[in-house]
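Enquirer: Take this structure first; my questions come after.
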2 protein chains.
Amino acid sequence: MSIPLGSANVAERRNMPPALAVSTVIFGIRPIDGGRAQLWLPLVRRVRQPHAGQWALPGGPVGPRESLGTAASRTLASTTGLRPSYLEQLYTFGDPDRSPSQRLVTIAYFALVTEAQVGATVEDENVAWFALDDPVLENLAFDHRQIIDYALWRLRNKVEYGQIAHRLLGERFTLAQLRAVYEAMLGKELDPANFRRQLKATQSIVATDEYLAGGQHRPPRLYRYAGSGHDPLEVDTNHE
Amino acid sequence: MSIPLGSANVAERRNMPPALAVSTVIFGIRPIDGGRAQLWLPLVRRVRQPHAGQWALPGGPVGPRESLGTAASRTLASTTGLRPSYLEQLYTFGDPDRSPSQRLVTIAYFALVTEAQVGATVEDENVAWFALDDPVLENLAFDHRQIIDYALWRLRNKVEYGQIAHRLLGERFTLAQLRAVYEAMLGKELDPANFRRQLKATQSIVATDEYLAGGQHRPPRLYRYAGSGHDPLEVDTNHE
């Protein structure tokens, strides 16, 4: 059943059943000078009203016969080409006035992708990665800026050290790489000795017998994620 | 705009825009023998199809002009009379087959109420509190059992010691009361000395200068929640 939007006025549209969409916030890191890193996220330019021409989170409507997690994976792949190895449901945004047309309830998802995946993305005039301090983020469609801010808050507060490491950096990483990710996330420099001590206390990462490849005199040791109980409702997109 | 459900067959209903509802899982404790406690939750008997006569989480449809959090507070108060001081959005459940009629997407909320609030509830044949091991929970409407299991998982994994204490016990509590709550939550006995040591290490509760009133020779000290950063999207129902 389709609703003839064109024939309804604003008041009528607002009393229609809400439309349901998914949007996904994906964070990845890009290295910058001095061994440091920055958090970036992909955005998609809207081609339809409302907010045509403005940048927005990748997403789209939920199909009548697909699960919410499948809708998030599908819309993400079709708009950005990204297929993160996991997606986590973040929060559902449903304020009555968050869309200027029909009421729109959006189920936001959250993902982290590795540096390699960020580098492999094909960008064009309608799909691109932006740093968190890019002015484009000040003028996003809908309440997408609020959704990004909430995802960033969750990233900073709720994810374990080891989980962040293996999702943003890959299976093996050095402590310096991990510290650079934390500095990017928190927006401040961290003392290397304190960082190392706190990290080891959490027991969320373990040392491997491997060292970073390269010509260094004393190559740094590689660590891996210790594993942990996952959220039972996390969408494992590898097994869908 | 209302949808004439009666005139649509099952296949037609499944392609309609999803209906949107809220459901709330509320945990409270009831004291049992030997200073122990049990987790209970309120359920409401359904008076309409689908699942008429079965017990379900309190909730109902989202009104066209109300926020999701307001819908959760309103449906909770109208079905159970409960007005918890805060509600947290838990997860949105939207599998295409979770309802036998029109597709139904439910935004689940989560709340904790104090022992005093549990005791003040008026129960009748259509609203009652149940212990987590009550056989009624084996045969709930929709996927409400799954929603309860997820809420329990979140309670066990994500909430700080101090937050649980002040939300389930009130502003002031003894360490023995808090341990009884944790034993009820985890379903096992805890060693009092280990519990006390671990709790103090988290710094989420602080000792007050007050002691439990009563005729005991050595009355136990009262503690309070140390306070902490809240989830910025938590619904503060006191200020809506």
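Enquirer: Whole-Hz ³J(HN,Hα) for each residue in the range A:208-223, computed from phi via Karplus 6.51 cos²θ - 1.76 cosθ + 1.60 with θ = phi - 60°, x for glycine and proline: what do you get?
Expert: Per-residue couplings from phi come out as 9, 8, 9, 10, 4, 5, x, x, 6, 4, 10, x, x, 5, 9, 10 Hz.
Enquirer: Sort shortest first the distances from residue B:153 to its counterpart in every other copy, using label points 7 Å along the Cα-to-beta-carbon line, and give them in nm.
Expert: Computed spacing set for this position: 2.4 nm.
Enquirer: Still on this model: Shortest first, in nm, what separates the label point of residue B:214 from those of the same position in the other copies (7 Å along Cα→Cβ)?
Expert: 6.2
Enquirer: Gaussian network model of chain A, Cα springs within a sub-10 Å range: biggest mean-square fluctuation belongs to which of A:22, A:62, A:47?
Expert: A:47
Enquirer: Let me ask something else. Whose amide H sits under 5 Å from the amide H of residue B:173, counting only residues 5 or more places off or on another chain, with H placed in the peptide plane?
Expert: B:223
Enquirer: Let me ask you something else. Using a probe radius of 1.4 Å on protein heavy atoms only, what is the accessible area buried between chains B and A, both sides summed, to the nearest 100 Å²?
Expert: Chains B and A together bury approximately 3200 Å².
Enquirer: What's the average, rounded to a whole number, of partner chain beta-carbon atoms within 10 Å of each residue's beta-carbon in A:64-71?
Expert: Working: counts 7, 5, 3, 6, 8, 2, 2, 1.
The shielding value for this peptide is 4.
Enquirer: Now for a different question. I want the local charge near residue B:208. Using Cβ-Cβ distances under 14 Å, sum +1 for each Lys or Arg and -1 for each Asp or Glu among the other residues. Before the final figure, lay out each step's value.
Expert: Numbers: positive: B:172, B:221, B:224; negative: B:171, B:209, B:210.
My count for the surroundings of residue B:208 gives 0.
Enquirer: Between the label point of residue A:176 and that of the same position in each other copy, find the distances and list them shortest first in nm, with every label point placed 7 Å from Cα along the Cα-to-C-beta direction.
Expert: Result for residue A:176, in nm, nearest copy first: 5.7.
Enquirer: Between the range A:48-74 and the range A:133-152, what's the alpha-carbon centroid distance in Å?
Expert: Cα centroid to Cα centroid, the span is 16 Å.
Enquirer: Let me ask something else. Roughly how many percent of the accessible protein surface of the protein assembly as shown is carbon and sulfur, given a 1.4 Å probe and a whole-percent answer?
Expert: Result for the protein assembly as shown: 49 percent of the exposed heavy-atom area is carbon or sulfur.
Enquirer: Can you work out the accessible area per residue across chain A, with the rest of the protein chains kept in place, probe 1.4 Å, in square angstrom?
Expert: That works out to 48 Å² for each residue.
Enquirer: Suppose we flag trypsin sites (Lys or Arg not before Pro) only when DSSP calls them loop and at most 10 other Cβ atoms lie within 10 Å. Which is the longest uninterrupted stretch of chain A?
Expert: Excluding the exposed sites themselves, the longest stretch runs over A:49-187.
Enquirer: Averaged over its residues, how many other protein chain Cβ atoms are within 10 Å of peptide B:142-151's Cβ atoms? Intermediate values should be presented prior to the final figure.
Expert: Values: counts 0, 0, 0, 0, 2, 0, 0, 1, 3, 0.
Partner-chain Cβ atoms within 10 Å, mean over residues of B:142-151: 1.
Enquirer: Skipping prolines and chain starts, which residues have an amide H placed within reach, meaning under 5 Å, of the one on residue B:16, given they are 5 or more residues away or on another chain?
Expert: Correct list: B:103.
Enquirer: Right, something else. Any idea how far apart residue B:122 and residue B:213 come out in nm if each label point goes 7 Å out from Cα toward Cβ?
Expert: According to this spin-label approximation, the distance is 2.7 nm.
Enquirer: Return one number: the angle in degrees, 0 to 90 and rounded to the nearest 10, between the long axis of the Cα atoms of helix A:68-80 and the longest principal axis of the Cα atoms of chain A.
Expert: Helix A:68-80 sits roughly 80 degrees off the main axis of chain A.
Enquirer: So how tilted is helix B:144-158 from the main axis of chain B? Cα-based, degrees 0 to 90, rounded to 10.
Expert: 30 degrees
Enquirer: What ³J(HN,Hα) values, in whole Hz, does the Karplus curve 6.51 cos²θ - 1.76 cosθ + 1.60 give for the range A:176-183 when θ = phi - 60°, with x put for Gly and Pro?
Expert: Values, residue by residue: 5, 5, 5, 5, 4, 5, 5, 5 Hz.
Enquirer: So who's got an amide H within less than 5 Å of the one on residue A:109, skipping anything under 5 residues away but keeping other chains? H placed 1.01 Å off N, in plane.
Expert: A:23, A:24, A:25, A:90
Enquirer: At 222 nm, what value in deg cm²/dmol follows for chain B if DSSP H runs of at least 4 each add -39500 (n - 2.57) and the sum is divided by all its residues, to the nearest 500? All intermediate terms of the calculation are to be shown ahead of the outcome.
Expert: Values: 7 runs with 71 residues, N = 240.
Helix contribution divided over all residues of chain B: -8500 deg cm²/dmol.
The values are calculated or read from the model by the stated rules, or taken from the named source; none is laboratory data. Everything numeric here is computed off the predicted structure, so don't read it as measured data. As a convention, Cβ positions derive from the backbone with ideal geometry for all residues, glycine included, and neighbour counts pool all protein chains shown. Accessible surface is based on the protein model in full, side chains and every heavy atom, while ligands, DNA and RNA are left aside. Shrake-Rupley method; radii C 1.70, N 1.55, O 1.52, S 1.80 Å.
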